[in-house]
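Take a look at the structure below.
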Amino acid sequence: MIRPYFSSAWAVAWRYLHNLYTKPAVFIPSLLFPLFFLAAFAGGLSVVGKAPGFGYYDFTAFQFCFVLIQASTLAGVFAGFSIAADFEQGMGRRMMLATIHRSSIVVGFAIGAASRLLLTWVVVTGVALLGGMSVAGSGINLAGMFSLALLGNIAALLFSAGIALRFRSLQAGPLMQMPVFIILFLAPVYVPQNLLTGWIEPAASVNPVTALLNAARSLMAGEPTGLLAAYGVAAGMILVMAVWAIKGLRSAETAG
Amino acid sequence: MSNKGAGSKENGIEVEGLVREFKNGPRAVDGIDLVVEPGEIYGFLGPNGAGKSTTVHMLTTLLPPTAGSARVAGLDVATQGPQVREVIGAALQEAALDPHLTAREHMKLQTSLHGMDRAERHQRGEELIERVGLTEAAERRVGDFSGGMKRRLDLALALVHRPRVLFLDEPTTGLDPQSRASLWSEVTRLSSEDGVTVFLTTQYLEEADQLANRVGIIDDGRIAAEGTPAELKAAIGRPSVEVTPSDGARIADAQGILADFGAPVPASGETIGIRLNAGIDGLVGIVRAFDTADIELASLVLNEPTLDDVFLAKTGHHLEGASESESAEMPLPETQNSRA
Ligand SMILES: Nc1ncnc2c1ncn2[C@@H]1O[C@H](COP(=O)(O)OP(=O)(O)OP(=O)(O)O)[C@@H](O)[C@H]1O
Ligand SMILES: [Mg+2]
């Protein structure tokens, strides 16, 4: 029961990764994307880091945490695109027919997305380090930071999967991407939360990404705060999005 | 991989009152009853839009029925989906293949999706690739495959987990005669040697006639007739005979003789046709009578009823595209229906 389930999930993940690897035209841009953000924020905006009251030890590290969360959640969205494409082009049916328990399809894409994420992390972290980022947190702190990014990835994947399975068309792409983009940028992207003013301040304070981002930055700085809130929010999002994705799967099942 | 399945040793299919209604769409399947015996090849014959694929999707757990019930290998398709999927294989109308993967990679994907053991996976994959004649092409990307190669790969993929019931949705549409023949022999082998039950849809009369043990004729979501090809033909009528006298002047005499053996049917030119009263036994009498009357014949043709005759008799129209030779007199039932 368990073994065939993961065999199915692994098959889905394997194909996802295999196709990424054989289609560099799709894969490379998605890798360059976070690097572009890193360069634009950490390089172009570094003067922001010198503003009074900024209070973070390293501006590149500050921006790196955002880019890490951003790249990780978007990796989940990209996997959602693949789900939509598969259901549009018929492979979805093959998977629905051949897997005994169909949730293994979503789990497979999640495994694929997380594996792909590993490479993104290596590249983005490597580039940030080469760019002079200093790391203050311990190994455990960093593991915590990356685990938060992974949880963000899973939540975004489940969200996108829910959309992909309901619409079963790549045309639903913006529906997956836009909300994630908006919620990312309604977090304290450029400055710490206490420096936010105007309408974005209340938006950021209720934004679940804010909790993730603040905790990730605190871990990077080696002064962990708000971890309980961050993991709690992450677990809550994953739970809600898992229900959303499974309901999407049911909708794909009834539509044929 | 358990080949025993849950609940029943039966490999058959039982369908009762099966209905599928699409949202804002037609009643694609409108109350179908059918039984497919274990190990049988069942041909589901019908024109475009008859509801063949919709039926297959319901029987393969891809689509929930709106009403009615269906059991495949003794398992309910609506409530026992996972168990049904363990024992069935399906090659759908549009073979869903990934153009970026090779044939061998498809095998790897399919065997893993089915949760097969690693050791068994490789062996089974190679065996099937060979059986469908794709060994040479195993490392090529499927995007470069011909239509026939894709169909063969799709069939091989449907067989990886040794299904007890196999669904083939128009498996030979678009294939050349040679590929069609080899697919037919593989399907026959699966049924006769491995005891696999085959549910096959087709638009080809010939395919239903030659390949299927039993045929269900579906039109407009309903089963119009069901039986072995021979039964179906026998039920609608007796064979007809067409006779052409060598001497055109003796046509009237020939007509007189034939009138004793059956009712006239339309025929062209110098040819006279009748439907035999006594079935094929009448033929001997006809030959004797012509001999006695000293009428020489240029030709004598016996026409068995075809499944298209059955189709016409049961539905009031020909199977579209089926009667290649008679396409000129084909009515356009679809447009007539939709205007009604
Ligand atoms: N998803 C769907 N939504 C709405 N209508 C549908 C859907 N799928 C099929 N139909 C309709 O149901 C009817 C039966 O379609 P189906 O595909 O079962 O026919 P078919 O016998 O397989 O035809 P073909 O030989 O062309 O494959 C058609 O009128 C079709 O337009
Ligand atoms: Mg069809």
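All conditions in (1) within 14 Å of another protein chain (Cβ to nearest Cβ); (2) surrounded by fewer than 17 Cβ atoms within 10 Å (Cβ to Cβ); (3) of a type outside the set (S, T, N, Q) hold for A:Ala51, with the sole exception of (1). Kindly indicate whether A:Phe181 is among the aromatic types (Phe, Trp, Tyr), surrounded by fewer than 19 Cβ atoms within 10 Å (Cβ to Cβ) and at pLDDT below 95. When the stated conditions are applied, A:Phe181 passes them. Where helices (runs of 4 or more DSSP H) sit wholly within region B:29-115, those with at least 2 residues that are open to solvent by 10 Å² or more (accessible area, probe 1.4 Å), within 16 Å of ligand 2 (Cβ to nearest atom) and closer than 25 Å to A:Thr99 by Cβ occupy B:52-59. Restricting attention to region B:98-110, the residues that are more than 8 Å from chain A (Cβ to nearest Cβ) and either in contact with a Lys or Arg (Cβ under 7 Å, 6 or more places away or on another chain) or within 25 Å of B:Leu62 (Cα to Cα) (or both) total 5.
State yes or no: is A:Ser134 on the phi < 0 side of the Ramachandran plot, among the polar types (S, T, N, Q), open to solvent by 30 Å² or more (accessible area, probe 1.4 Å) and at pLDDT 95 or above? Taking the combined requirement at face value, the residue does not satisfy it. Among the residues that make up region B:220-231, is at least one of them open to solvent by less than 20 Å² (accessible area, probe 1.4 Å) and modelled with pLDDT under 85? The answer is no, given that none of the residues of region B:220-231 is open to solvent by less than 20 Å² (accessible area, probe 1.4 Å) and modelled with pLDDT under 85. Pairs linking a residue in region B:93-118 that is assigned by TED's automatic domain parsing to the domain that holds B:Leu62 to a residue that is within 16 Å of ligand 1 (Cβ to nearest atom) and not charged (D, E, K, R), with Cβ atoms under 7 Å and 6 or more positions apart or on different chains, are B:Gln93/B:Ser53; B:Glu94/A:Gly90; B:Ala96/A:Gly90. Looking at region A:86-132, which of its residues are within 14 Å of chain B (Cβ to nearest Cβ) and basic (Lys, Arg)? Once the filter is applied, which keeps residues that are within 14 Å of chain B (Cβ to nearest Cβ) and basic (Lys, Arg), region A:86-132 yields A:Arg93, A:Arg94, A:Arg102. Among the conditions (1) open to solvent by less than 10 Å² (accessible area, probe 1.4 Å); (2) under 26 Å from B:Gly143 (Cβ atoms); (3) within 13 Å of chain A (Cβ to nearest Cβ), the only one that B:Ile129 does not satisfy is (3).
Can you confirm whether B:Gln203 is of a type outside the set (Ser, Thr, Tyr), open to solvent by 40 Å² or more (accessible area, probe 1.4 Å), within 19 Å of the chain's Cα centre (by Cα) and under 28 Å from B:Lys314 (Cα atoms)? Answer is no for this residue.
Kindly provide the set of residues from region B:152-173 that are open to solvent by 40 Å² or more (accessible area, probe 1.4 Å) and more than 26 Å from B:Ala225 (Cα to Cα), ordered by number. Of everything in region B:152-173, those that are open to solvent by 40 Å² or more (accessible area, probe 1.4 Å) and more than 26 Å from B:Ala225 (Cα to Cα) turn out to be B:Arg152, B:Arg162. No other residue among A:Gly236, A:Gly232 is assigned to a helix (DSSP H, G or I) and open to solvent by 40 Å² or more (accessible area, probe 1.4 Å) apart from A:Gly232. The residues of region A:210-229 that are hydroxyl-bearing (Ser, Thr, Tyr) and either surrounded by 15 or more Cβ atoms within 10 Å (Cβ to Cβ) or touching a residue at least 60 places away in the same chain (Cβ under 8 Å) (or both), listed by number, are A:Thr210, A:Ser218. Among the residues of region A:1-18, those identified as at the interface with another protein chain (Cβ under 10 Å from one of its Cβ atoms), surrounded by fewer than 20 Cβ atoms within 10 Å (Cβ to Cβ) and modelled with pLDDT of 85 or more are A:Tyr5, A:Phe6, A:Trp10, A:Trp14, A:His18.
The values are calculated or read from the model by the stated rules, or taken from the named source; none is laboratory data. This is a predicted model, so every value here is computed, not measured. As a convention, Cβ positions derive from the backbone with ideal geometry for all residues, glycine included, and neighbour counts pool all protein chains shown. With ligands, DNA and RNA removed, areas are computed over all heavy atoms of the protein, side chains included. Shrake-Rupley method; radii C 1.70, N 1.55, O 1.52, S 1.80 Å.
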